[in-house]
Each structure stands twice: as structure tokens, then as C-alpha cells.
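Worksheet: the structure to be examined is printed underneath.
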Amino acid sequence: MAIIGLSGRYPQANSLEEFWHNLAHGVDCVTEVPAERWDHSRYFDPEKGKLGKSYSKWGAGSSMAWIGSIRCSSTSLRAKPW
């Protein structure tokens, strides 16, 4: 078995090389979730444990699109017969 390629979306990076550079240089890629992706005013509460609430409004999104926007279909997750 050999790994011949890698693809994905990485926080605050447009390529895998940029992502590794950020990691190597201690870049903090965690930011407040943009309002256009998630209206945290409806769900955020700084008190941990409140039912139906989140006490975090931070995440790591890619510079092209927030990771939460990635969609998978059930067919893309099936093993391919070789």
C-alpha cells in the first residue's frame, strides 16, 4: 500500500503545504465562527451545561469555506471494489 496523494480543506490554509507551515510556526487557526455560517447568538451561552446551548463559538474553518459546509453523500463513503 502506498499513499500517492492527499486532498482536503485545512484551517486558514489553501493547501496542505500552507497548513503544515502554520502548524510548524505555531499559527493559531482557531477563530470565532463567522456569523454568516452560524448565528451563535441563538445557541451560545458562556455557562457550560445549559440544555440546548453551546458554550463555544470558536472553530477552525478553511480560508476557502468553513469545514461545516462540507457535504458527503452515502455513496461517497462506500468502499470501492477493486
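Coordinate-derived values only; no laboratory data. In this text, all values refer to a predicted model and were calculated from it rather than measured experimentally. Because the Cβ atoms are built from the backbone with ideal geometry, glycine has one as well, and the counts that use them run over all protein chains shown.
Quick look at the values:
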read-out	value
Cα gyration tensor shape for segment 8-56, rounded if a/c is under 1.5, else prolate or oblate	prolate
For peptides 11-18, 36-43, sequence by mean Cβ density within 10 Å, most packed first	11-18, 36-43
Cα-based reach from Lys57 at 15 Å (exclusive), listing aspartates and glutamates while leaving out same-chain residues under 8 positions away	Glu32, Glu36, Asp39, Asp45, Glu47
Calculated from backbone phi, Karplus (6.51, -1.76, 1.60) coupling profile of segment 14-20 in Hz, x at Gly/Pro	9, 8, 5, 4, 5, 4, 5
Contour excess over end-to-end distance, with Cα ends at Arg9 and Leu51 and 0.36 nm allotted per residue	12.0 nm
